Amino acid sequence: MTRSYRLLVALLLLSCSSDSSSPTAPRPPMFNPRALSNCSQVSGAVSAELAYIQFCTRASDCGQDLVGTSCGCTRNLVARRDISADRFYEILARGDSMECDLGFTSICDCPPADGFACIANRCTWNYTGGG
């Protein structure tokens, strides 16, 4: 291999490698919602699942209203639009069956929003007022 060819290959490899400063999507949590046996496990599973389903790098990643995580409207949590929230709802149902307090409370003022936003790599509403 000539020296210039090796240099070209090295530059190509560098350009294809991921930027270490870019955020990395979390891996899907590995657990069975039906196997959660106490509220502490359910709470941890909710946190892990939310980290996974809410991860974003741009606003266009977001768009799924997680109904039931607030009193409704623009206070519900938001997830990526390309992912199933089924397991999240299974975890919530498991917590409900054990009467766990998962902390899904909010004020019910429904601030105006213009679609969705990705803030600090987490999907949310794009509030247009004092949200």
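Bear in mind these aren't lab numbers, they're just calculated from the coordinates by the rules spelled out. The structure displayed is predicted, hence computed values, not measured ones.
See the values below:
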quantity: Largest-first principal axis extents, alpha carbons of region 57-115, Å; calculated: 36, 28, 15
quantity: From phi via Karplus (6.51, -1.76, 1.60), per-residue ³J(HN,Hα) for region 87-102 in Hz, x at Gly/Pro; calculated: 5, 4, 5, 5, 5, 4, 5, 5, x, 5, 5, 9, 6, 7, 8, 9
quantity: Inter-centroid distance (Cα atoms) of region 89-131 relative to region 28-60, Å; calculated: 14
quantity: J(HN,Hα) series, region 45-62, from Karplus relation 6.51 cos²θ - 1.76 cosθ + 1.60, nearest Hz, glycine and proline x; calculated: 5, 4, 4, 5, 5, 5, 4, 6, 7, 9, 5, 8, 10, 7, 4, 5, 6, 9
quantity: Gain in span if fully extended, residue 114 to residue 98, counting 0.36 nm per residue against the direct Cα distance; calculated: 2.1 nm
